[in-house]
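Take a look at the structure below.
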Amino acid sequence: MSLSSAPSGRDRLRIAIQKNGRLSDPARALLGSCGLSWRESPDRLFCYGDNAAVDLLLVRDDDIPGLIDSGLCDLGIVGRNVLAEQASERVQDGRPGNFREWRALGFGGCRLSLAIPNDRDWQSPAQLQGRRIATSYPALTRAWLQEQGVTADVVVLTGSVEIAPRLGQAEAICDLVSSGATLAANQLKPVCDLLQSEAVLAGPLVELEPELAGTAHMLLRRIDGVLRIRDSKLLMFQAPRDAVAEVLRLLPDAEPPTSFPVDGSELLAMQALCHGVVTWQRLEELKRAGACGLMVLPVERMLA
Ligand code: ATP
Ligand code: ZN
């Protein structure tokens with residue numbers, strides 16, 4: 001028997017998402033593609049699910065792990081960076097949190113990187129010994145320093161970490177980087193990545209209580225379907241039997257195709273779900289390999 005969460009007294013699943021910020025729109029879009037819709041409350045903190053027993057709580061991203069930990073929310077969509085920082089902080093305090101990553105969601109990509117001034121050379125983490133590192137991610141930074149066997153002073157800042165070296169507050173920083181433009185604008189260069197991050201679906205360590213688990217599994221199945229077909233296309237074509245092997249060699253990113261004979265012809269009709277981009281060039285290569293009647297179709301929904 002698996003462990004399940006303490007009873008919440010609720011029979012509607014509650015998901016915490018970021019109210020305003022980089023993850024708000026893509027999180028809503030993802031849940032929307034799972035067929036969910038909501039009525040928003042006037043204060044825009046709570047959205048009541050219209051067509052399923054799933055409600056949203058709109059909060060600051062930093063509050064999401066704690067809301068899951070306390071059982072006030074069942075699931076959340078949050079950056080792995082925030083989840084990992086709060087998990088690490090709780091572990092360092094000796095009271096591990098009841099939350100973990102359930103699914104990587106493929107948006108909000110960034111990395112937590114160590115950066116130093118452009119005019120400094122980088123050899124290895126050992127050169128940070130006795131130095132100051134400014135960051136909003138103290139727990140992850142401390143854990144990484146410990147792994148490296150380096151003792152450094154972690155200076156905790158909540159914003160504008162990138163200006164700390166110029167202000168003389170630190171010799172290095174540890175901050176989120178996506179394009180690297182902010183670092184470059186502050187004459188800093190990334191030298192080492194501590195964490196590859198993206199938005200994740202977070203949930204408790206244990207199974208949800210039975211009243212909520214059914215709805216959560218329905219949502220997970222839909223999320224998996226949406227993630228699986230994101231950037232996927234259905235490719236339909238015909239090919240003579242003796243060309244099939246060569247055609248399939250050109251489709252390494254496709255699921256095993258379905259094929260059936262075409263009435264009154266030597267050709268096979270085939271269809272394959274392709275997970276990569278199907279460019280004109282690829283279609284032309286497939287045609288040269290013997291395929292004909294090529295069609296690329298969008299995939300709207302998928303239930304495995
Ligand atoms: P809140 O008001 O909810 O606390 P915030 O200012 O902490 O918002 P955002 O700047 O909206 O958060 O970032 C949310 C998440 O987006 C980050 O935690 C991270 O996972 C992801 N992200 C992706 N690229 C970047 C980036 N270049 N800088 C910061 N966060 C990024
Ligand atoms: Zn935040």
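The values are calculated or read from the model by the stated rules, or taken from the named source; none is laboratory data. In this text the structure is predicted, and so the values were computed from the model without any measurement. Because the Cβ atoms are built from the backbone with ideal geometry, glycine has one as well, and the counts that use them run over all protein chains shown.
With respect to the conditions (1) in a strand (DSSP E or B); (2) surrounded by 14 or more Cβ atoms within 10 Å (Cβ to Cβ); (3) away from ligand 2 (no atom under 16 Å from the Cβ), LEU183 falls short on a single one, namely (1).
When you check ASP63 against the structure, is it in a helix (DSSP H, G or I) and either away from ligand 1 (no atom under 16 Å from the Cβ) or surrounded by fewer than 15 Cβ atoms within 10 Å (Cβ to Cβ) (or both), yes or no? Considered against the rule, which asks whether it is in a helix (DSSP H, G or I) and either away from ligand 1 (no atom under 16 Å from the Cβ) or surrounded by fewer than 15 Cβ atoms within 10 Å (Cβ to Cβ) (or both), ASP63 comes out as no. How many residues are part of a loop (DSSP other than H, G, I, E, B) and either at pLDDT 95 or above or more than 29 Å from the chain's Cα centre (by Cα) (or both) when one looks only at segment 258-275? Looking only at that region, the number is 5. Just to be sure, is LEU67 in the same structural domain as LYS19 (by TED's automatic domain parsing), modelled with pLDDT of 95 or more and in contact with a Cys (Cβ under 6 Å, 6 or more places away or on another chain)? Taking the combined requirement at face value, the residue satisfies it. Checking the stated criteria, VAL200 turns out to be β-branched (Val, Ile, Thr), part of a strand (DSSP E or B) and closer than 30 Å to HIS217 by Cβ.
Residue by residue, here is whether (1) within 12 Å of ligand 1 (Cβ to nearest atom); (2) modelled with pLDDT of 95 or more; (3) at positive phi; (4) not polar (S, T, N, Q) holds:
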{"site": "PRO165", "(1), (2), (3), (4)": "no, yes, no, yes"}
{"site": "ALA172", "(1), (2), (3), (4)": "no, yes, no, yes"}
{"site": "VAL177", "(1), (2), (3), (4)": "yes, yes, no, yes"}
{"site": "GLY180", "(1), (2), (3), (4)": "yes, no, yes, yes"}
{"site": "LEU183", "(1), (2), (3), (4)": "yes, yes, no, yes"}
{"site": "VAL191", "(1), (2), (3), (4)": "no, yes, no, yes"}
{"site": "GLU198", "(1), (2), (3), (4)": "yes, yes, no, yes"}
{"site": "GLY203", "(1), (2), (3), (4)": "no, yes, no, yes"}
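Only a single criterion out of (1) under 30 Å from SER24 (Cα atoms); (2) surrounded by 14 or more Cβ atoms within 10 Å (Cβ to Cβ); (3) out of contact with any Asp or Glu (no Cβ under 7 Å at 6 or more places or on another chain) is not satisfied by GLU211, namely (3).
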